[in-house]
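One structure is given below, encoded as structure tokens.
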Amino acid sequence: MAKPSAPRPPATPDLKTAHDLEPVLPMTAEVCDGHLCIGGVDTVTLAREAGTAVYVMDEATIRHQLREYVKWTTYHWEHVAVVYAGKAFMSLAMVKMVAEEGCCLDVSSGGELAFARRAGFPMERIYVHGNNKTPAELAECLEAGVGRIVVDSFEEMERLSAMAAERGVSQRVLLRITPGVEADTHDFIITGAEDSKFGFGLNQGLAMQAVERAIALPGLDFDGLHMHIGSQIFALHSFAKAIEVIVEFIAEIKGRTGVEVRMLDTGGGLGIAYGLPDEPSTIKDYGKVVVDGIKEECERHGLTVPAMAVEPGRSIVANAGVTLYTVGSVKEIPGIRTYVAVDGGMSDNIRTSLYDAHYEALIANKADQPREMVATVAGKHCESGDIVVNDAPLQHVDVGDILCVCATGAYCQSMSSNYNKQVRPGVALVNEGSWRWIVRRETYDDLMKCDVE
Ligand code: LLP
């Protein structure tokens with residue numbers, strides 16, 4: 001995915017140091033005694049203490065991003081909920097931070113809901129997603145008393161209505177609408193386009209049918225609409241266009257049924273900087289385009305401005321995280337390329353092989369030295385496609401160096417696997433000079449815990 005905003009520059013030694021990599025690193029990143037430090041912790045020492053591979057997440061950056069969203073959305077309209085999309089990265093500690101920052105949480109499976117429940121997250125602040133929630137998952141949602149369920153199909157609507165009515169409750173629901181607006185991003189994750197497995201299409205009249213049905217069915221409290229037009233979006237005008245379309249639909253709903261939409265949830269999708277040429281929009285500008293955009297469109301149609309929700313995932317956690325590896329071999333194929341092999345790979349970061357994603361990398365123990373060579377960072381798995389970074393400018397690499405891949409805080413740990421029976425790395429949270437595990441590294445016993453002999 002991650003169609004970069006700017007073309008990827010040719011891979012040449014770019015002589016950049018950790019100082020130049022600031023746009024892709026956590027906000028607390030600095031160089032101390034030649035080493036990369038994050039959250040006041042020397043990453044080389046951390047790697048030695050924790051072992052590698054290890055994900056490192058910076059608490060200050062995570063909280064800062066959540067606060068930026070709250071600040072720049074509620075700046076324009078007080079009734080905006082910031083709903084963190086747990087699929088980007090979820091752990092009990094992360095869920096607690098989201099709760100402490102006063103934000104809501106998007107869960108998209110029974111498993112994610114279980115994390116929220118275990119962490120004591122306030123259930124009224126939960127938004128439940130997914131295009132095929134199982135009856136068991138719907139029952140779990142009702143039992144937990146979740147705030148909103150985002151209904152994705154007619155079958156799900158009927159099922160939920162029956163289940164809620166049987167329990168004598170009225171479940172607040174949003175309907176997921178596909179506005180038919182394509183976001184400027186990789187095809188695989190365009191979810192707002194008309195040809196989508198998600199939601200009710202606007203242009204075929206399905207969305208209006210869904211609204212009428214939701215209003216009529218027992219056990220459902222029709223609260224409003226949801227859309228999500230894609231991910232890693234740089235062009236804010238895609239959001240503006242989708243808002244124009246969906247507010248017009250809100251006006252049609254009012255005209256036809258007399259019902260006022262109480263909430264409009266515009267999903268997530270704001271892009272982040274993976275590479276140095278990337279220039280994503282700021283949360284401040286995003287807040288203005290989305291929140292002001294909705295207000296203006298509502299005024300144009302003479303509608304009461306609804307409560308709003310935004311659902312950022314990547315832009316909260318991606319740049320808060322890095323992955324540290326130890327270099328095991330440096331293989332120079334004369335005239336072709338140099339492979340630097342690390343003690344992880346596609347099991348902890350599938351995004352390079354899956355989406356041709358690009359990352360910046362550096363040698364953490366040589367952070368103030370210039371990146372004077374280019375090498376491809378390869379994983380340890382039995383697949384030639386197991387690449388972590390293609391053609392990465394790097395400091396001179398030696399075996400035993402600590403290699404840091406930047407901006408791995410989103411969709412890496414959450415999409416990790418045990419391929420080749422690789423144990424998954426733990427997640428170390430750094431803050432104010434110390435670190436702690438928030439997810440410990442797996443053991444071989446963990447790998448076998450579900451096996452039945
Ligand atoms: N809300 C809904 C309903 C979503 O489906 C998503 C992401 C989000 C919010 C959060 O979007 P974000 O702010 O993170 O862009 N695995 C892919 C990304 C898939 C995104 C799926 N939905 C990747 O690694 O790039």
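Within the group T12, T28, T17, which residue is buried (at least 19 other Cβ atoms within 10 Å of the Cβ), among the β-branched types (V, I, T) and more than 16 Å from the ligand (Cβ to nearest atom)? Before the answer, list the steps.
On the way: T12 fails: buried (at least 19 other Cβ atoms within 10 Å of the Cβ); T17 fails: buried (at least 19 other Cβ atoms within 10 Å of the Cβ).
Just one listed residue meets the conditions, T28.
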Give me the residue from region 275-323 that is in contact (Cβ under 8 Å) with a residue 60 or more places away in the chain and among the basic types (K, R) and, out of that set, nearest to the ligand (Cβ to nearest atom). R314
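Yes/no per residue for (1) of a type outside the set (A, V, I, L, M); (2) farther than 30 Å from P277 by Cβ; (3) free of Cβ contacts under 8 Å to residues at least 40 places away in the same chain:
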{"site": "F198", "(1), (2), (3)": "yes, yes, no"}
{"site": "Q204", "(1), (2), (3)": "yes, yes, yes"}
{"site": "E212", "(1), (2), (3)": "yes, yes, no"}
{"site": "D223", "(1), (2), (3)": "yes, yes, no"}
{"site": "G230", "(1), (2), (3)": "yes, no, no"}
{"site": "I233", "(1), (2), (3)": "no, no, no"}
{"site": "E248", "(1), (2), (3)": "yes, yes, no"}
{"site": "V261", "(1), (2), (3)": "no, yes, no"}
Please enumerate the residues belonging to region 327-356 that are surrounded by 16 or more Cβ atoms within 10 Å (Cβ to Cβ) and assigned to a loop (DSSP other than H, G, I, E, B). D343, G344, G345, M346, S347, D348, N349, I350
Condition set modelled with pLDDT of 95 or more and within 27 Å of the chain's Cα centre (by Cα), scope region 161-187, selection surrounded by the most Cβ atoms within 10 Å (Cβ to Cβ): answer is I177
Taking only pairs six or more apart or across chains, which ones have beta-carbon atoms under 8 Å, a first residue in region 19-31 that is farther than 18 Å from R371 by Cβ, and a second residue that is of a type in the set (S, T, N, Q) and surrounded by 16 or more Cβ atoms within 10 Å (Cβ to Cβ)? P26/T61; P26/N319; M27/T61; M27/N319; T28/T61
Out of region 103-135, which residues are away from the ligand (no atom under 16 Å from the Cβ) and either under 23 Å from A428 (Cα atoms) or touching a strand residue (DSSP E or B) at 6+ places or on another chain (Cβ under 8 Å) (or both)? A114, F115, R117, R118, A119, G120, F121
If you go through region 236-252, how many residues are surrounded by fewer than 23 Cβ atoms within 10 Å (Cβ to Cβ) and either among the aliphatic types (A, V, I, L, M) or within 16 Å of the ligand (Cβ to nearest atom) (or both)? 5
Conditions (1) touching a residue at least 24 places away in the same chain (Cβ under 8 Å); (2) in a strand (DSSP E or B); (3) farther than 27 Å from E248 by Cβ; (4) among the aliphatic types (A, V, I, L, M); number of the one not met by A116: (2)
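From the list I233, I229, I272, exactly one residue is under 20 Å from D152 (Cβ atoms), within 12 Å of the ligand (Cβ to nearest atom), touching an Asp or Glu at 6+ places or on another chain (Cβ under 8 Å) and outside the structural domain of L25 (by TED's automatic domain parsing). Which is it? Break it down stepwise before answering.
Numbers: I233 fails: under 20 Å from D152 (Cβ atoms); I272 fails: under 20 Å from D152 (Cβ atoms).
On inspection, the qualifying residue turns out to be I229.
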May I ask you to list the residues in region 87-102 that are away from the ligand (no atom under 12 Å from the Cβ), farther than 21 Å from L142 by Cβ and surrounded by fewer than 24 Cβ atoms within 10 Å (Cβ to Cβ)? S91, L92, A93, K96, M97, A99, E100, E101, G102
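Across region 46-86, which residue is farthest from the ligand (Cβ to nearest atom) among those that are under 17 Å from G426 (Cα atoms) and not in a helix (DSSP H, G or I)? So that I can check it myself, show each step before the final result.
Within region 46-86, the subset under 17 Å from G426 (Cα atoms) is 46-59.
Remaining after also requiring not in a helix (DSSP H, G or I): 51-58.
Working: G51: 25, T52: 22, A53: 18, V54: 20, Y55: 15, V56: 19, M57: 16, D58: 18 Å.
In this case the residue turns out to be G51.
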How many residues are closer than 23 Å to V247 by Cα and either part of a helix (DSSP H, G or I) or more than 16 Å from the ligand (Cβ to nearest atom) (or both) if we restrict to region 144-181? 4
Conditions first: (1) over 14 Å from V54 (Cα atoms); (2) surrounded by 13 or more Cβ atoms within 10 Å (Cβ to Cβ). Y444 passes all but one, so which condition is the exception? (2)
Could you check region 417-438 and list, in sequence order, the residues that are in contact with a Lys or Arg (Cβ under 8 Å, 6 or more places away or on another chain) and of a type in the set (A, V, I, L, M)? V423, A428, L429
Residue list for region 88-104, restricted to those being in contact with a helix residue (DSSP H, G or I) (Cβ under 6 Å, 6 or more places away or on another chain) and outside any helix (DSSP H, G or I): A88, F89, M90, E101, C103, C104
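I'd like to check which strands (runs of 3 or more DSSP E) are fully inside region 357-453 and have at least 1 residues that are away from the ligand (no atom under 16 Å from the Cβ) and not aliphatic (A, V, I, L, M).
Values: elements: 361-363, 373-378, 387-394, 402-406, 426-431, 434-439.
It comes to 373-378, 387-394, 402-406, 426-431, 434-439.
The values are calculated or read from the model by the stated rules, or taken from the named source; none is laboratory data. None of these values were measured; they are calculated from a predicted model. Reconstructed Cβ throughout: ideal geometry from the backbone, glycine too, with neighbour counts over all protein chains shown.
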